[in-house]
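Worksheet for the structure shown next.
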Amino acid sequence: MIHELEDGGRASAQENVFPRVLAEVNRFAELAPDLESLQNFIVEILPKWLPRYNWTGFYMLDPNDPDTLVLGPFRGAPTEHVRIPVSQGICGAAVAQNGTVIVDDVSSDPRYLACSLETRSEIVVPVRVDGAIVGEIDIDSHEFAAFSSEDRAFLEGCAVAVGNFIERTQAGTMRTMGESS
């Protein structure tokens, strides 16, 4: 099976597509007009090249209630979990533990908030701005133990791209506000 990436490059199914997809994410992050566009790009490209990523989405901390995660752009089955307290679920655990959480079998983890009967495994990767968690990338798979250390490193790279975008755009907003005073 051959995949063609936006830059015209090709990668066989046997090759590791993570570096190529991450390069696409980083390129788009340089040009994205806003955070939502970047998030939408990421939730579209991940399952396109990684079919075991059956649900891809972002949860961001509510700026008015930092103890609550709010659903952002996602692709996959609809979820009733549009607001999640950081004290609940795998998503909350990633905030509480201040790090990536991988669950190989969600049915064996009491923290799992059931979204789909088909979900077998999940990975949640925090997005940080200036070292503080501001949100996360959440991926569900219909396969058991779908996420490896390579998936983790790749998704952490995507999270860095999002965090850097937020830092860069916030800095621009702050400069503009400072210049107009």
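FYI, it's all coordinate maths here, none of it is from the lab. This structure is a prediction, so every number in the text was calculated from the model and none was measured. Virtual Cβ from ideal backbone geometry, glycine too; neighbours counted across all protein chains shown.
Nearest 5 percent is fine: what portion of the DSSP beta bridges confined to the chain is antiparallel? Working shown, then result.
Values: 30 of 30 bridges.
For the chain, the DSSP antiparallel bridge percentage is about 100.
In terms of modelled amide H atoms, which long-range or inter-chain residues lie less than 5 Å from the amide H of Asn54?
Asp140, Ser141, His142
What distance in nm separates the two pseudo spin-label positions at Gln88 and Asn64, each 7 Å out from Cα along the beta-carbon direction?
Label-label distance for Gln88 and Asn64, simple model: 1.9 nm.
So what's the back-of-envelope 222 nm ellipticity for the chain, counting only DSSP H runs of four-plus at -39500 (n - 2.57) apiece and dividing by all residues, rounded to 500? Intermediate values should be presented prior to the final figure.
On the way: 4 runs with 69 residues, N = 181.
After summing the helix terms and dividing by the residues of the chain, the value is -13000 deg cm²/dmol.
Hey, what do the phi angles of region 20-37 turn into as Karplus ³J(HN,Hα) couplings, whole Hz, using 6.51/-1.76/1.60 and θ = phi - 60°, x for Gly and Pro?
Per residue, the Karplus-derived 3J(HN,Hα) values read 5, 5, 4, 4, 4, 4, 5, 5, 5, 4, 6, 10, 4, x, 7, 4, 4, 5 Hz.
What ³J(HN,Hα) values, in whole Hz, does the Karplus curve 6.51 cos²θ - 1.76 cosθ + 1.60 give for region 44-58 when θ = phi - 60°, with x put for Gly and Pro?
7, 6, 4, x, 4, 9, 10, x, 6, 7, 7, 9, 10, x, 10
What full-extension length gain, to one decimal in nm, is calculated for Gln170 and Asp104 as 0.36 nm per residue of separation minus the Cα-Cα distance? Could you put the intermediate results ahead of the total?
Working: separation 66, 0.36 × 66 = 23.76 nm, distance 3.58 nm.
Roughly 20.2 nm would be gained on extension.
What number comes out for the charge environment of Ser116, summing +1 per Lys or Arg and -1 per Asp or Glu over other residues with Cβ under 12 Å away? Mind dumping the intermediate values first?
On the way: positive: Arg120; negative: Glu80, Glu118, Glu122, Asp140.
After counting each charged neighbour, the total is -3.
Please report the relative contact order for the chain, taking Cα pairs under 8 Å with a sequence separation of at least 6, and give it as a percent rounded to a whole number. Write down the numbers at each step before the final one.
Details: 299 pairs, mean separation 34.7, N = 181.
19 percent.
Per residue, what volume in Å³ does the convex hull of the Cα atoms of region 52-179 enclose?
Each residue corresponds to 102 Å³ of Cα convex hull volume.
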